[in-house]
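K.L.:
This is the structure I have questions about; it appears just below.
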Amino acid sequence: MPNHGKVQSISIIRIRTLESLNMIIRATLALVIIWLLISLVRAEPVGIAFVEAPEQGGGVCVGKSPDDAFECAKRQCTASGTEEKDCLPIQWCYPSGWSTDTFLLHNEGVHWHEVSCGWPNREAAMAAAAIRCDRTHRDFIVDCTIVEIYDPQGRKTLK
């Protein structure tokens, strides 16, 4: 005589195990999807804005739009007491890429900064700055120094 109760118990255990496994797979898949979405949001490219107040200071910020980034850079510029009207937007690059800030001195004593941004890596940014400092093309320059290098997130990296 067959024992139907035992077969039914085993079948119920198998079904519950499959249901539990199915729930674990769904939960894991949901977590993976959430993680991927968060990664995509974090990886969203940003632009970089440079603001300068001649002889006074400046600011550098990254942002999703020129307006946001320039507003942030102006706040940095005015933090040292510079008036907002003196904080002039200099350059915006999107995506930000690697950037350099180069100080140049003219042979007549005038000095200024030149910004280069949007480079794919640090080496390319440095090469662009080296070209800016090449005195065979700009013989009026007596000093040319890279004063800062920024990574794509706007962090200073010059050591």
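The values are calculated or read from the model by the stated rules, or taken from the named source; none is laboratory data. Note that the coordinates shown come from a computational prediction; the quantities given were computed from them, not determined experimentally. Every residue, glycine as well, gets a Cβ built from its backbone with ideal geometry; the counts of neighbours run over all protein chains shown.
K.L.:
Considering only residues that are under 22 Å from Cys87 (Cα atoms) and of a type in the set (Lys, Arg), look in segment 110-159 and name the one that is surrounded by the most Cβ atoms within 10 Å (Cβ to Cβ).
P.N.:
Among those that are under 22 Å from Cys87 (Cα atoms) and of a type in the set (Lys, Arg), it is Lys156.
K.L.:
Report yes if Glu55 is assigned to a loop (DSSP other than H, G, I, E, B), acidic (Asp, Glu) and free of Cβ contacts under 8 Å to residues at least 60 places away in the same chain, otherwise no.
P.N.:
yes
K.L.:
May I pose another question? Being surrounded by fewer than 21 Cβ atoms within 10 Å (Cβ to Cβ), within 18 Å of His113 (Cα to Cα) and touching a Phe, Trp or Tyr at 6+ places or on another chain (Cβ under 9 Å) is the filter here, so list the residues in segment 62-90 that pass it.
P.N.:
Within segment 62-90, Pro89, Ile90 meet the criteria.
K.L.:
Enumerate the pairs (first residue in segment 58-74 and outside the structural domain of Gln91 (by TED's automatic domain parsing) and among the hydroxyl-bearing types (Ser, Thr, Tyr); second residue anywhere and surrounded by 15 or more Cβ atoms within 10 Å (Cβ to Cβ) and at pLDDT 95 or above) with beta-carbon separation below 7 Å, excluding pairs fewer than 6 apart on the same chain, so at least 6 apart or on different chains.
P.N.:
none
K.L.:
A follow-up question, please. Can you pull out the residues in segment 115-158 that are within 21 Å of Ile48 (Cβ to Cβ), over 19 Å from the mean Cα position of the chain (by Cα) and of a type in the set (D, E, K, R)?
P.N.:
Selection gives Arg132 alone.
K.L.:
Evaluate the following for Arg122: is it at pLDDT below 95 and among the basic types (Lys, Arg)?
P.N.:
Values: at pLDDT below 95: no; among the basic types (Lys, Arg): yes.
Answer is no for this residue.
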